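Engineer: Here it is, the structure in full.
The values are calculated or read from the model by the stated rules, or taken from the named source; none is laboratory data. Keep in mind it's a predicted model, so treat the numbers as computed, not measured. Every residue, glycine among them, receives a Cβ derived from its backbone with ideal geometry; neighbour counts consider all protein chains shown. Heads up: the accessible areas ignore ligands, DNA and RNA and are worked out on the full protein's heavy atoms, side chains in. Shrake-Rupley method; radii C 1.70, N 1.55, O 1.52, S 1.80 Å.
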Amino acid sequence: AGIGKCVALDLARRNARTILACRDRERGQAAVEEIRAATGNPAVLLRLLDTGSLASVRAFARAVLREERRLDVLVNNAGVTGLPFAITPEGLEQTFATNYLGPFLLTNLLLG
C-alpha cells in the first residue's frame, strides 16, 4: 500500500523485474495481481519479508542472492509507527527493529 506500491507500479511500468517484499501474503499477492494487470508486466513477484525479524531479513536476502542474477535498485520503504512498546523474539524493540535495523541489515546483506 502507499508509497511502496506506487514505486513498485512505476518500476513495473518501466518493464523492470519487480519484487514486492511484504509481511502479509494475501495483501502482497493482491498488490502483485493489481500491478501485473495495470502494467502487463508478468515479472512482478511476491516475496515475504518482515523487517522487524532479523531472521526473516536474512532468509529474504539469501533467497534474493540465490534467485536473482543482479539487483539494480533497492527501495527500503517498510515502517511502523504508533505501536505499543514491544520486544521482538530476538530481544529488540519492535519499532527500532522494523524501521531501522531490518532495512540496514537487508541493505548490507544485498551489497554483494
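Engineer: Can you find, among Thr98, Ala12, Leu49, the residue farthest towards the positive end of the dipole of the chain? Put +1 on the C-beta of Lys and Arg, -1 on that of Asp and Glu.
Structural biologist: Positive-end residue among those listed: Ala12.
Engineer: Which value, in debye to the nearest 20, gives the size of the charge dipole of the chain about its Cα centre, when Lys and Arg are +1 and Asp and Glu are -1 at the Cβ?
Structural biologist: The calculated dipole for the chain is roughly 400 debye.
Engineer: Here is a further query. Residues with amide H under 5 Å of Leu46's amide H, sequence separation 5 or more or different chain, H placed in the peptide plane at 1.01 Å from N; which?
Structural biologist: Long-range HN contacts for Leu46: Leu20.
Engineer: Share of the chain's accessible area from carbon and sulfur, percent, 1.4 Å?
Structural biologist: 55 percent
Engineer: In Å², and per residue, what accessible area does the chain have when probed at 1.4 Å with the other protein chains present?
Structural biologist: Computed with neighbouring chains in place, this is 65 Å² per residue.
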